[in-house]
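K.L.:
Mind having a look at this structure? Questions to follow.
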Amino acid sequence: MSDKNEIVLVLDFGGQYNQLIARRVRECSVYCEVHPGTMDIAKIKAMAPKGIILTGGPQSVYGDGAMLCSPELMNLGIPVLGICYGSQLMAHVLGGEVKPAPKSEYGRTNVHIDEPSSKLFHDVNSDTICWMSHTDYISKLPQGFIKTASSADCPNAAMEDESRNLYAVQFHPEVMHTEEGRKMLQAFVYDVCGCSGDWKMDSFVEKTVRSLRTKIGHGKALCALSGGVDSSVAAVLMSKAIGRQLTCVFVDHGLLRKNEGDEVAAVFGPDGPYDVNFVRIDARERFLKKLEGVTDPEQKRKIIGGEFIHVFEDAAKKIGHVDYLVQGTIYPDVIESGLGNSAKIKSHHNVGGLPDHVDFKEIVEPLRMLFKDEVRSVGRELGIPGYLVDRQPFPGPGLGIRIIGDVTEEKVRIVQEADAIYREEVEKAGAQKDLGQYFAALTNMRSVGVMGDGRTYDYAIVLRAVKTSDFMTAESAQLPWDVLQTVTSRIVNEVKGVNRVLYDCTGKPPATIEFE
Ligand code: XMP
């Protein structure tokens, strides 16, 4: 079996959906990478992709400083699909004409398939809803091309030159609103590019384990395990490859969710199913001390991140000479940090970024080409329990940024208990399925209440639940009222120090998902 997968190349011209195109292609079981639109032709040839997709972009092909490509790209004998700006680019560099459309199209648009025998559309309805977003259009086709689809305001909504395997669509097949978009992308990668669909997570595990073994040989590796999805999957993959040559360091900073430390230890510790060295460092006191009296959110983040590095460095030194540092970097981090810039460690990704001056030979990132949903599939493939693989994101600074104002041991206990009740009830009701993130936070507000016959002056817990796919924007989710009532009643009865429960109805923007 070859260790190299068939690859489709996505050339990025600045479109907002570039990652989505790559994900859709991967969903067709075809491996795919995103590279800058300016990628060198020699490099493209060396990669020998089965197909190339040109993404959308914000520019006009005839505008000043427009990002163009060489016409040679269309003559490599490799199938090309141009999407939106990519379609206009194809027309432009091959001698067609692109100009401002008399009427821009935006949103759901009926597209008529003029050539039902087109390889791209053979399985698509003759009239199909597609997502449009353009102000320019192709007004004249390049030589050799035929029009294959049209809409009311876009006479050339799709074009192709079958003899050269060149295809272009003005709409966005990668977004959900293009109802038959998946079929079109599937047709491109299979019927036009001739891919066989060799991108499967079981073979990913096998191939990666093999290559990690070759790379690391008898060396030692260290993994900072947070208990989050990415670092857990990276750790198990590494352990499968190198067993006891791997040490996982789990720093318990005391700002974790209820029972989280024990859950991580149960999976990775000596009684767990994996053959790894596991070091659990109880640094709770150390962190609480550093945070004493600190109220500014950014300062809290800095303290937690900085302290984490110190604890981790101490552990690394104790373990002795380690050659490799394992990171759970995933593909969106790679793309967002500048396409292929592997050395960058995002502060959001790990707790404040890991030390770069500890003496490691190399950083190993076994998941750096995977999207989150693929990381989860690898996790399932590796038999990691569902509660670790499917868990929602949890910020590195943990409950430190879910306690508004200063952090104390008592406040940590309150928010841990309230959050555990909230998650338990939401899951019991099956209400978590559509949620991007949901948690309890502790406001710094105390108010008057009455319990039994006595007055109370206690804290207010706030519940947050948001729907989001990218975490850049989010809407507040409408949880069933009876679930909220049950949670409220349990929190005020079971969590000492709380007499009021609030629900956050704010979206992002103007709020953020976390409270600090
Ligand atoms: P915000 O609050 O910015 O959160 O809307 C967006 C996403 O980022 C997570 N988040 C963090 N993750 N360190 C992290 O590792 C941080 O300092 C941090 N702040 C926010 C948050 O949980 C959400 O998923």
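The values are calculated or read from the model by the stated rules, or taken from the named source; none is laboratory data. Because the structure is a prediction, the values reported are computed rather than measured. Cβ atoms come from the backbone with ideal geometry, glycine included; neighbour counts cover every protein chain shown. Quick note on the areas: whole protein, heavy atoms, side chains included, nothing else; ligands and nucleic acids left out. Shrake-Rupley method; radii C 1.70, N 1.55, O 1.52, S 1.80 Å.
K.L.:
Express in whole angstrom the spacing between the alpha-carbon centres of region 277-341 and region 488-502.
P.N.:
Here the two parts' Cα centres lie 33 Å apart.
K.L.:
At a 1.4 Å probe radius, which order do Arg286, Arg244, Arg464 fall into by accessible area, largest first?
P.N.:
Arg244, Arg286, Arg464
K.L.:
Could you please tell me the mean projected area of the C-alpha convex hull for region 54-119, averaged over all directions and given in square nanometres to one decimal?
P.N.:
If I average the Cα hull's projected area over directions, I get 5.9 nm².
K.L.:
Per the 1.4 Å probe, what fraction of the accessible area of region 89-149, in percent, lies on carbon and sulfur atoms?
P.N.:
Accessible surface attributable to carbon and sulfur in region 89-149 totals 47 percent.
K.L.:
Under the definition of Cα pairs under 8 Å and six or more residues apart, what whole-number percent is the relative contact order of the chain?
P.N.:
Here the relative contact order equals 10 percent.
K.L.:
Heavy atoms only, probe 1.4 angstrom, no DNA, RNA or ligands counted: give me Lys300, Lys318, Lys99, Lys428 ranked by accessible area, highest first.
P.N.:
Lys318, Lys428, Lys99, Lys300
K.L.:
Ser377: net charge of surrounding residues, Cβ under 12 Å, Lys/Arg +1, Asp/Glu -1, itself excluded?
P.N.:
Charge balance in the 12 Å sphere: -1.
K.L.:
Need the C-alpha centroid separation for region 148-192 versus region 382-452, integer Å.
P.N.:
45 Å
K.L.:
Let me ask something else about it. With all protein chains present, calculate the accessible area of Trp199 using a 1.4 Å probe and round the result to the nearest 10 Å².
P.N.:
Estimated to the nearest 10 Å², Trp199 gives 20 Å².
K.L.:
Can you pull the one-decimal nm distance between simple spin-label points at Ile363 and Ser70, each 7 Å off the Cα toward Cβ?
P.N.:
3.2 nm
K.L.:
Quick one: accessible surface of Lys207, probe radius 1.4 Å, all protein chains present, in square angstrom to the nearest 10.
P.N.:
Lys207 has an accessible surface of roughly 20 Å² with all protein chains in place.
K.L.:
Excluding Pro297 itself, what net charge comes from residues whose Cβ is under 14 Å from its Cβ, given Lys and Arg +1 and Asp and Glu -1?
P.N.:
-1
K.L.:
Nearest 20 debye, what's the magnitude of the dipole of the chain about its Cα centre given +1 on Lys and Arg Cβ and -1 on Asp and Glu Cβ?
P.N.:
With Lys and Arg at +1 and Asp and Glu at -1, about 760 debye.
K.L.:
Tell me, what ³J(HN,Hα) does each residue in region 304-321 have, in order and in whole Hz, if you take phi through Karplus 6.51 cos²θ - 1.76 cosθ + 1.60 with θ = phi - 60° and put x for Gly and Pro?
P.N.:
Along region 304-321, the couplings run 5, x, x, 5, 4, 4, 4, 5, 5, 4, 4, 5, 4, 5, 4, 5, x, 5 Hz.
K.L.:
Tell me, what % of the accessible area of region 221-268 is carbon and sulfur with a 1.4 angstrom probe?
P.N.:
Heavy-atom surface of region 221-268 belonging to carbon and sulfur, 1.4 Å probe: 42 percent.
K.L.:
Please work out the C-alpha center-to-center distance from region 2-27 to region 63-81 and express it in whole Å.
P.N.:
First find each Cα centre; the distance between them is then 17 Å.
K.L.:
Considering only protein heavy atoms and a probe of 1.4 Å, how much of the accessible area of region 416-469 is carbon and sulfur, as a whole percent?
P.N.:
Answer for region 416-469 is 43 percent, counting heavy atoms of protein chains only.
K.L.:
Among residues other than Arg446 whose Cβ falls under 14 Å from its Cβ, what is the net charge (Lys/Arg +1, Asp/Glu -1)?
P.N.:
+1
K.L.:
Report the charge-dipole magnitude of region 388-471 in Debye, nearest 20, computed about the Cα centre from +1 at each Lys and Arg Cβ and -1 at each Asp and Glu Cβ.
P.N.:
Taking the Cα centre of region 388-471 as origin, the dipole is about 160 debye.
K.L.:
While we're looking at this one, here's another question. What percent do you get for the relative contact order of region 124-201 when only Cα pairs under 8 Å and 6+ apart count?
P.N.:
About 28 percent, as a whole number.
K.L.:
May I pose another question? Roughly how many Å² is the accessible area per residue of the chain, as a whole number, for a 1.4 Å probe?
P.N.:
That works out to 44 Å² for each residue.
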